[in-house]
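K.L.:
Below you will find the structure I want to go over with you.
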Amino acid sequence: MNKIHIVFGAQGAGKSTYSKKLSKDLNGVHLSIDKWMWKLYGEDLPKPMNFRWIMERVERCEKLIWSTSEKISKSGCEVILDLGFMKFKKRELFKSLSDKHNIPTQLHYIKAHHSIRRKRVLDRNVEKGETFSFEVTAGMFDFMETEFENPTEKELKNSIIIDTNPDLKSLLS
């Protein structure tokens, strides 16, 4: 049985980019909440956005993603979960589900400075590159900033920590 990799961090930290690379490196299966939500509910998104409506559907997707992850892992493949995992409680839930089914987990904490993450998110709206699923406005970014719960010391102790802040040299060139 292979691991389930729980990739978490604030929006714009680089979770999707990292998860895609990790899935290639491990020859694993990358499951992204953004992709599931967009494919299943994108055409039905209420205007203006309704947070409660969205979160109800995220919960549905997460349940299905968990059962899919369990089957994939038990079939001998690594699973990379790119579900945001903004809340400690959600990270703990997926870890406890894995423990309950004797599936090893690895936490991956992706971090970057607020200003870098904000710029990435707003640039992604314009570029519509590989990690673009839907437009995140400045207001949505600001709201979601209040939703992320920083990792505990215990989580960090058991996590691979990836800092995606560009180094000073790359900023100056």
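The values are calculated or read from the model by the stated rules, or taken from the named source; none is laboratory data. Not measured: the values here are computed from a predicted model. Cβ coordinates were reconstructed from backbone atoms using ideal geometry, including for glycine residues, and neighbour counts include every protein chain displayed. For accessibility, only protein heavy atoms count, side chains too; no ligands or nucleic acids. Shrake-Rupley method; radii C 1.70, N 1.55, O 1.52, S 1.80 Å.
K.L.:
Over 5 Å intervals from 0, what percent of Cα-Cα pairs in the chain sits in each interval?
P.N.:
The calculated distribution, bin by bin, is 1, 8, 16, 21, 22, 16, 9, 5, 2, 0.
K.L.:
Counting only residues 5 or more places away or on other chains, whose amide H sits under 5 Å from the amide H of Ile80 once H atoms are built in the peptide plane?
P.N.:
The answer is His5, Val29, His30, Leu31.
K.L.:
Check His113: other-chain or 5+ apart residues with amide H under 5 Å from its amide H, H built from backbone geometry?
P.N.:
When sequence neighbours closer than 5 places are left aside, the close amide H contacts are Asn165.
K.L.:
Using the heavy atoms of the protein chains and a 1.4 angstrom probe, tell me the accessible area per residue for the chain in square angstrom.
P.N.:
59 Å²
K.L.:
Quick check on the range 1-53: what are the equivalent-ellipsoid semi-axes from the Cα gyration tensor, as sqrt(5λ), descending, whole Å?
P.N.:
Semi-axis lengths for the range 1-53 are 27, 13, 10 Å.
K.L.:
Here is a further query. Once fully extended, how much extra length lies between Thr17 and His113, figured as 0.36 nm per residue of separation less the alpha-carbon to alpha-carbon distance?
P.N.:
Computed gain between Thr17 and His113 is 32.9 nm.
K.L.:
Run through all the Cα pairs of the range 5-91 and give the fraction in each 5 Å bin from 0, expressed as whole percent.
P.N.:
Reading the bins upward from 0: 3, 14, 23, 24, 20, 10, 4, 1, 0.
K.L.:
Could you give me the ³J(HN,Hα) list for the range 6-20, computed from phi with Karplus coefficients 6.51, -1.76, 1.60 and θ = phi - 60°, whole Hz, x at Gly and Pro?
P.N.:
Residue by residue, the range 6-20 yields 9, 9, 9, x, 5, 4, x, 6, x, 4, 5, 4, 4, 4, 5 Hz.
K.L.:
How many Å³ per residue does the convex hull of the Cα positions in the range 58-97 occupy?
P.N.:
64 Å³
K.L.:
State the percentage of accessible surface on the chain attributable to carbon and sulfur atoms; use a 1.4 Å probe and exclude ligands, DNA and RNA.
P.N.:
Percent of accessible area from carbon and sulfur atoms in the chain: 55.
K.L.:
If you don't mind, there's one more thing I want to ask. At what distance in nm do the modelled label points of Ile160 and Asn27 sit from each other, each positioned 7 Å from its Cα along Cα→Cβ?
P.N.:
About 1.7 nm separates the two model spin labels.
K.L.:
Taking the Cβ-Cβ separation of Lys71 and Asp123 as r and a Förster radius of 35 Å, what is the calculated FRET efficiency to the nearest 0.05?
P.N.:
0.45
K.L.:
Residue by residue through the range 118-126, which ³J(HN,Hα) values in whole Hz follow from phi under the Karplus form 6.51 cos²θ - 1.76 cosθ + 1.60 (θ = phi - 60°), with glycine and proline marked x?
P.N.:
4, 4, 4, 5, 5, 5, 4, 4, 7
K.L.:
Run the numbers for Leu40 and Thr146: contour at 0.36 nm per residue of separation, minus the present Cα-Cα distance, in nm.
P.N.:
Result: 35.5 nm gained on full extension.
K.L.:
Strictly over 24 Å apart at the Cα level, which of Lys15/Lys87; Lys35/Lys154; Lys21/Lys89; Lys24/Lys154 would you flag in this model?
P.N.:
Lys35/Lys154; Lys21/Lys89; Lys24/Lys154
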